[in-house]
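A short write-up of the structure that comes next.
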């Protein structure tokens, strides 16, 4: 029977290894969620509450403890110890070896082990492994570590399987909560690091008095506008710009401290905000000579509470512009245009398709991109770009406004515009065999989504197909805006609509149905992979396919 006892010991060890793997993967998953929520404990807490019974305390945790309780209470007199080990090991293998919905291999924005994340991970890992380590040691020995206390446990073979299983399941369930403790432990040091890097960035800017600081804010289009400004100004100036969506205090400080050099003449910063006061915090680091406001939408409405609060926050950038500076405003957005009344000691330049000192007209699309006419004072010039969408025309007009403020000629800016590369996943034009792909997968918003649909509708090279899961993070307006999005799709007269996610896209479907659109052309699937297969099975040469939005990794229907 020695082989049988060895087998039981192997099963016990296998149980520990399975649960260790699950706990580590779970820990990685929740660290990822915490990072995606900007290391904000409040937002992380809200996410846990919203996903409590799907990700935090799961059915596996509850059922496994029910199985343990049933075995102890109902079967203790009839169930042998070896049977208990076999049964619980089998349940563990069945329930905790799969890890499909925690996997991060295909994450849109993978977990980044930045210095801050590493500092957080160390205490988190120690906390998360403390309970299971204690339970495992006690289950095998009956001895409480660092004491002389010894208890007689109901040893079955090498370890008490009931105590071992219960302890590991509880520890696994508690994993997301250890992040709160780890964040509390590291908070004093993180605050010190933040203050240090902010002072370092502020001191560096003081030492560069001739540097022109350009700051951009708005609900949408900040990143695209920033890159356009960078590329236009690079025709004459040495420009340093924040990469990607670096629009937080630490992101801005990192660029100033590490990338800005004495040779740079212009610094272009993107300033994001999720709460009132965020723009002030960023302007305390770098006060702008030129402020650019793209628009006031409903992005982050959940945290701001109202569109008026969003407008107040965005207007801070105008209020904080240096005296005798310049503000470039979107004249087509009424809330932004009104910001011109906030100051009388700075210059204002407005841009727009309908209103403004700088106007864009005659927009035309093709598989190569788009072209339009820019009018400034008594001059006009044809601009050709690889980018798509009327909102990108508006973004370019804002960039032209910055160029005008820094004395660039319209012809110089037109030449630079031809060389601008599309921003990844923002109406990015691609060719896939005989298909034209419009990749607008980056976090959709109502304005951007509408522009994307209108852009798709203007193509006439083949059938027009949209693949979308709709929009999220719009608070109480989410269903309304998704229904309006559906109406826009229905009115655009597209040839095929593929909706991703039954519940998530229900409002879109209702919006489409409220129009005269043929609902036989609307298909609902459960995943992007399924949507792609459907598209590939039906697509024909010359078709144009729009991917509108790709839900973040933290979203779960």
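The values are calculated or read from the model by the stated rules, or taken from the named source; none is laboratory data. Bear in mind that the values here come from a model prediction, so they are computed numbers and not experimental data. Note that we place each Cβ from the backbone using ideal geometry, even for glycine, and neighbour counts take in every protein chain shown.
Consider the range 331-378. How many of its residues are in a loop (DSSP other than H, G, I, E, B) and within 31 Å of the chain's Cα centre (by Cα)?
In the first step, residues of the range 331-378 are kept if they are in a loop (DSSP other than H, G, I, E, B); the result is 331-333, 342-346, 353-357, 367-368, 377-378.
Filter once more, so that each one left must be within 31 Å of the chain's Cα centre (by Cα): 331-333, 353, 367-368.
Residues that pass the stated criteria total 6.
Table: residues versus (1) over 29 Å from residue 308 (Cβ atoms); (2) in contact with a strand residue (DSSP E or B) (Cβ under 8 Å, 6 or more places away or on another chain).
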| position | (1), (2) |
| --- | --- |
| 181 | yes, no |
| 187 | yes, no |
| 246 | no, yes |
| 278 | no, no |
Review point. So which of 437, 420, 328 ends up being under 30 Å from the mean Cα position of the chain (by Cα), within 29 Å of residue 545 (Cα to Cα), touching a residue at least 24 places away in the same chain (Cβ under 8 Å) and in a strand (DSSP E or B)?
Key: 437
Review point. Take the residues of the range 450-483 that are touching a strand residue (DSSP E or B) at 6+ places or on another chain (Cβ under 6 Å) and either farther than 21 Å from residue 544 by Cβ or in a helix (DSSP H, G or I) (or both): which is modelled with the highest pLDDT?
Key: 456
Check your understanding: Of the conditions (1) under 22 Å from residue 426 (Cα atoms); (2) surrounded by fewer than 18 Cβ atoms within 10 Å (Cβ to Cβ), residue 547 fails just one. Which one is it?
Key -> (2)
Check your understanding: Filtering the range 121-137 down to residues that are touching a helix residue (DSSP H, G or I) at 6+ places or on another chain (Cβ under 7 Å) and farther than 15 Å from residue 24 by Cβ, which residue is surrounded by the fewest Cβ atoms within 10 Å (Cβ to Cβ)?
Key -> 123
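Among the residues of the range 253-268, how many are in contact (Cβ under 8 Å) with a residue 40 or more places away in the chain and closer than 12 Å to residue 200 by Cβ? Can you show your working first?
Of all residues in the range 253-268, those in contact (Cβ under 8 Å) with a residue 40 or more places away in the chain come to 253-254, 256-257, 260, 262, 264-268.
Checking which are closer than 12 Å to residue 200 by Cβ leaves us with 253-254, 256-257, 260.
Residues in the range 253-268 being in contact (Cβ under 8 Å) with a residue 40 or more places away in the chain and closer than 12 Å to residue 200 by Cβ: 5 in total.
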Practice item. Among the residues of the range 379-395, write down those that are part of a loop (DSSP other than H, G, I, E, B) and over 18 Å from residue 352 (Cβ atoms). Key: 386, 388
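Name the single residue, out of those in the range 203-224 being in contact (Cβ under 8 Å) with a residue 60 or more places away in the chain and over 28 Å from the mean Cα position of the chain (by Cα), that is nearest to residue 386 (Cα to Cα). Break it down into steps so the answer makes sense when it comes.
Start the filter on the range 203-224 by keeping residues that are in contact (Cβ under 8 Å) with a residue 60 or more places away in the chain, which leaves 205, 212-224.
Still in the list and also over 28 Å from the mean Cα position of the chain (by Cα): 205, 212.
Values: 205: 35, 212: 28 Å.
Taking the candidates together, the pick is 212.
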Revision key, fill the gap. Flagged pairs (Cβ under 7 angstrom, 6 or more apart or on separate chains; first in the range 518-537, on the phi < 0 side of the Ramachandran plot; second surrounded by 15 or more Cβ atoms within 10 Å (Cβ to Cβ) and assigned to a loop (DSSP other than H, G, I, E, B)) are 521/495; 524/505; 526/501
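On the given criteria, is residue 410 free of Cβ contacts under 8 Å to residues at least 60 places away in the same chain and either buried (at least 20 other Cβ atoms within 10 Å of the Cβ) or closer than 27 Å to residue 541 by Cα (or both)? Can you show your working first?
Values: free of Cβ contacts under 8 Å to residues at least 60 places away in the same chain: yes; either buried (at least 20 other Cβ atoms within 10 Å of the Cβ) or closer than 27 Å to residue 541 by Cα (or both): no.
Against the criterion (free of Cβ contacts under 8 Å to residues at least 60 places away in the same chain and either buried (at least 20 other Cβ atoms within 10 Å of the Cβ) or closer than 27 Å to residue 541 by Cα (or both)), residue 410 does not qualify.
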Review point. Could we say that residue 287 is outside any helix (DSSP H, G or I), surrounded by fewer than 20 Cβ atoms within 10 Å (Cβ to Cβ) and at pLDDT 95 or above here?
Key: yes
Check your understanding: Given (1) buried (at least 21 other Cβ atoms within 10 Å of the Cβ); (2) modelled with pLDDT under 90; (3) farther than 24 Å from residue 365 by Cα, where does residue 512 come up short, assuming only one miss?
Key -> (2)
Review point. Do you know which residues across the range 336-372 are over 20 Å from residue 414 (Cα atoms) and surrounded by 20 or more Cβ atoms within 10 Å (Cβ to Cβ)?
Key: 336, 339, 348
Point to revise | Filter result (under 24 Å from the mean Cα position of the chain (by Cα), surrounded by 15 or more Cβ atoms within 10 Å (Cβ to Cβ) and either assigned to a loop (DSSP other than H, G, I, E, B) or assigned by TED's automatic domain parsing to the domain that holds residue 448 (or both)) within the range 225-244 | key: 242
Check your understanding: Considering 480, 450, 432, which residue is surrounded by fewer than 16 Cβ atoms within 10 Å (Cβ to Cβ), closer than 27 Å to residue 310 by Cβ and not assigned by TED's automatic domain parsing to the domain that holds residue 310?
Key -> 480
